[in-house]
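Below is one structure, written out as structure tokens; the observations come after it.
The values are calculated or read from the model by the stated rules, or taken from the named source; none is laboratory data. In this text the structure is predicted, and so the values were computed from the model without any measurement. With ideal geometry, Cβ positions are generated from the backbone for all residues, glycine too; neighbour counts draw on all protein chains shown.
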Amino acid sequence: MNLHDTPAYVPAHGLLKGKSVLVTAAAGAGIGFAAAKRAAEEGARALLISDVHERRLHEAVEAIRRDTGLSQVHGQLCDVSRQADVDALFAAAADKLGSVDVLINNAGLGTSKRIVEMSDEDWHKVIDITLTGTFRMTRAALRAMQAQGGGVIVNNASVLGWRAQVEQAHYAAAKAGVMALTRCAAMEAAEFGVRVNAVAPSLAIHAFLKKSASEELLHQLAAREAFHRGAEPWEVANVMVFLASDYSSYMTGEVVSVSSQQA
């Protein structure tokens, strides 16, 4: 296989057989959708996905049902920056899923701006959705999972939680916060049989990223990667599913880099 070639899609192995799964920010063509689709392929008994875009959410639900054959796929509008929306999402999960065995926190917001040009509003918007939104979802999930005696939370962080990149101070700070939240939540949840881990992708190429970043920038970022390409969203989703599965039963509080780790 050529260095730049995308590998063949990995067949399912039943890693989430019988599990109920909740995924945030799962509409569209990004990591969230890939994770939701992969969960269905891996044997989830029921799936609830959320997003802020009603039309795309409906399309995502229908696509997963069609492509995987799982009928128990449900959608719920949710803005993780609103506590009322988070409460409504978990009420829908109780109704549609019965319980949440796996939560994948994918919601996040990234923009590009230098610190000297960044307003408080710019800073707070990214922090509120990316970090505080993950906190709100984690808090709600832990309350439910601790009561039921088990569960798994998988957060979507970023290598920018470790690395420096210009115009990304707000996003990097938020993702570093997600990493710290993951570690602390894991220690609090362990006694209840709940595991909390995170993935840290470097560059995953999808339609939304292509709209928000220039082709030149994406080419520069891809050139830094060991395989000289960005990851497919499903390659990140595969690691999320592994962390959600019993194959990672001894792992908690870990942040797994899904990249070549070239600074």
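Of note:
- Residue, nearest to Leu16 (Cα to Cα), within segment 134-187, restricted to residues that are within 15 Å of the chain's Cα centre (by Cα) and of a type in the set (S, T, N, Q): Asn155
- If only residues of segment 160-174 that are outside any helix (DSSP H, G or I) and at negative phi are counted, the one that is surrounded by the most Cβ atoms within 10 Å (Cβ to Cβ) is Gln168.
- Output for segment 1-34, where each listed residue is in contact with a Pro (Cβ under 8 Å, 6 or more places away or on another chain) and of a type in the set (A, V, I, L, M): Met1, Ala29, Ile31, Ala34
- Pairs with Cβ under 6 Å, 6+ apart, first in segment 147-171 and farther than 25 Å from Ser249 by Cβ, second part of a strand (DSSP E or B) and modelled with pLDDT of 95 or more: Ser158/Ala200; Val159/Ala200
- Taken over segment 29-57, the criterion of being farther than 21 Å from Arg82 by Cα and surrounded by fewer than 21 Cβ atoms within 10 Å (Cβ to Cβ) is satisfied by Ala29, Gly43, Arg45.
- Some residue of segment 205-226 being surrounded by 16 or more Cβ atoms within 10 Å (Cβ to Cβ) and modelled with pLDDT of 95 or more: no
Listed here are the residues, each with its yes/no results for (1) more than 19 Å from the chain's Cα centre (by Cα); (2) in contact (Cβ under 8 Å) with a residue 60 or more places away in the chain; (3) not in a helix (DSSP H, G or I).
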position	(1), (2), (3)
Lys17	yes, no, yes
Val21	no, yes, yes
Ala27	no, no, yes
Ala35	no, yes, no
Ala44	no, no, yes
Leu48	no, no, yes
Ala60	no, no, no
Ala63	no, no, no
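- Residue that is farther than 26 Å from Ser202 by Cα, without any contact (Cβ under 8 Å) to a residue 12 or more places away in the chain and under 19 Å from the mean Cα position of the chain (by Cα), where the choices are Asp95, Asp85, Asp101: Asp85
- Residue match in segment 175-198 (condition: in a helix (DSSP H, G or I), modelled with pLDDT under 95, on the phi < 0 side of the Ramachandran plot and in contact with a helix residue (DSSP H, G or I) (Cβ under 6 Å, 6 or more places away or on another chain)): no
- Considering segment 226-263, the residues that are over 16 Å from the mean Cα position of the chain (by Cα) and in a helix (DSSP H, G or I) include one that is farthest from Leu15 (Cα to Cα), namely Ser248.
- The set of residues in segment 16-28 that are surrounded by fewer than 21 Cβ atoms within 10 Å (Cβ to Cβ) and touching a Phe, Trp or Tyr at 6+ places or on another chain (Cβ under 8 Å) contains only Gly28.
- From the list Ala39, Ala34, Ala84, the one residue that fits, being touching a strand residue (DSSP E or B) at 6+ places or on another chain (Cβ under 6 Å) and not charged (D, E, K, R), is Ala39.
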